[in-house]
């Protein structure tokens, strides 16, 4: 018990001191174009909707790619 007390008495001041870090400041990048999110909804019957427009399941990836192209959004990959 005395050993643990001594260890904690030595370690406690070291933990309170912390480690000094030098953080670099970054320039803030402001996006000039406000992009609207693309809403994808699946109802209880399994129907797909993209921005409240019904889309067939086999056309979903194509419609999402076209919507992203119109907004200038980067593409992401999807698997069936």
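The values are calculated or read from the model by the stated rules, or taken from the named source; none is laboratory data. None of the values given here were measured: they were computed from a predicted structure. Positions of Cβ are generated from backbone atoms using ideal geometry, with glycine treated the same way; all protein chains shown enter the neighbour counts.
Could you tell me whether residue 73 is modelled with pLDDT under 85 and surrounded by 11 or more Cβ atoms within 10 Å (Cβ to Cβ)? Yes; evaluated as a whole, the condition is true for this residue. Every residue in the stretch 42-70 that is at pLDDT below 90 and surrounded by 13 or more Cβ atoms within 10 Å (Cβ to Cβ), please. 50, 51, 60, 61, 63, 64, 65, 67, 68 - these are the residues of the stretch 42-70 that are at pLDDT below 90 and surrounded by 13 or more Cβ atoms within 10 Å (Cβ to Cβ).
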